[in-house]
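Q: Questions regarding the structure given below will be posed in turn.
FYI, it's all coordinate maths here, none of it is from the lab. All figures in this text were calculated on a predicted structure; none of them were measured in a lab. Counting neighbours? That spans all protein chains shown, and the Cβs are built from the backbone with ideal geometry, glycine included.
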């Protein structure tokens, strides 16, 4: 039996200029005719964040704040005028930018106490004007550990993540929320025995490990 699959056309995106190296790492679509894709663009020896918008017909580059050697890895929109994008910065700490329907603006995440490097990889904003959850990793004296931060519309706060006894490494890579009090985040961890999956749940009060 032969199966005929629908073919989806490749839609060309629009980089800042044809002489740069560009990469898109995250995408979200708050409506049928509005999508955002984020990543980074390079020019010469420096780079910066990149955001492109889909209007139902074409992709266009939308200016993001100056961010030397930074990249955006994830983006989530509660509506067409309420989006948050997160990633990593050239100064080795996480970056975040917010869209208010008119322009992107920086909204720097918190630096967890004792951390020398942070990155936020995934973000989820379930409802407009409500909290967003972003996850990633931080480098501390004991090694790399999972990181979660919450955006309340005006500032970020660092959250405690669940722990697994004997863990030598942990990182969260993606998160999705159905509401401000119901989120799931996935990633990986290492113990002295083996590498394993990491799944954590947010209940509106705390993160807890459900698989690890």
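Q: In nm, what is the difference between 0.36 nm times the number of residues separating residue 68 and residue 130 and their Cα-Cα distance?
A: Details: separation 62, 0.36 × 62 = 22.32 nm, distance 2.94 nm.
Using 0.36 nm per residue and subtracting the Cα-Cα distance, I get 19.4 nm.
Q: When Rg is the radius of gyration of the Cα atoms in the stretch 140-195 and Rh is its Kirkwood radius, what does Rg/Rh come to? Present the calculation step by step, with values, prior to reporting the outcome.
A: On the way: Rg = 13.1 Å, Rh = 12.8 Å.
Here the Rg-to-Rh quotient is 1.02.
Q: Just the Cα atoms of the chain: what Rg and Dmax do they give in Å?
A: 18.0, 60
Q: Also, I was wondering about something else. Which order do peptides 118-127, 61-70 fall in by mean Cβ count within 10 Å, highest first?
A: On the way: 118-127: 23.5, 61-70: 15.7.
So the peptides 118-127, 61-70, ranked by packing, come out 118-127, 61-70.
Q: Compute the length gained on full extension between residue 176 and residue 206: take 0.36 nm times their separation in residues and subtract their Cα-Cα distance, giving the result in nm to one decimal. Mind showing how you got there, number by number?
A: Numbers: separation 30, 0.36 × 30 = 10.80 nm, distance 1.53 nm.
That works out to 9.3 nm of additional length.
Q: Sticking with this structure for a sec: For the chain, set up a GNM with springs between Cα atoms under 10 Å and report which of 149, 188, 71 has the largest fluctuation.
A: Highest fluctuation of the listed residues: 188.
Q: Quick one: grab the alpha carbon gyration tensor of the stretch 14-111, order the square roots of its eigenvalues as a ≥ b ≥ c, and give me rounded if a/c is under 1.5, else prolate or oblate depending on whether a/b is larger than b/c.
A: Values: a/c = 2.14, a/b = 1.19, b/c = 1.79.
Oblate shape, in that a/c is at least 1.5 and b/c is the bigger or equal ratio.
Q: Let me ask another. Of the peptides 94-100, 192-198, how do they stack up when ordered by the mean number of other Cβ atoms within 10 Å, highest first?
A: Values: 94-100: 21.9, 192-198: 11.9.
Answer by packing, highest mean first, reads 94-100, 192-198.
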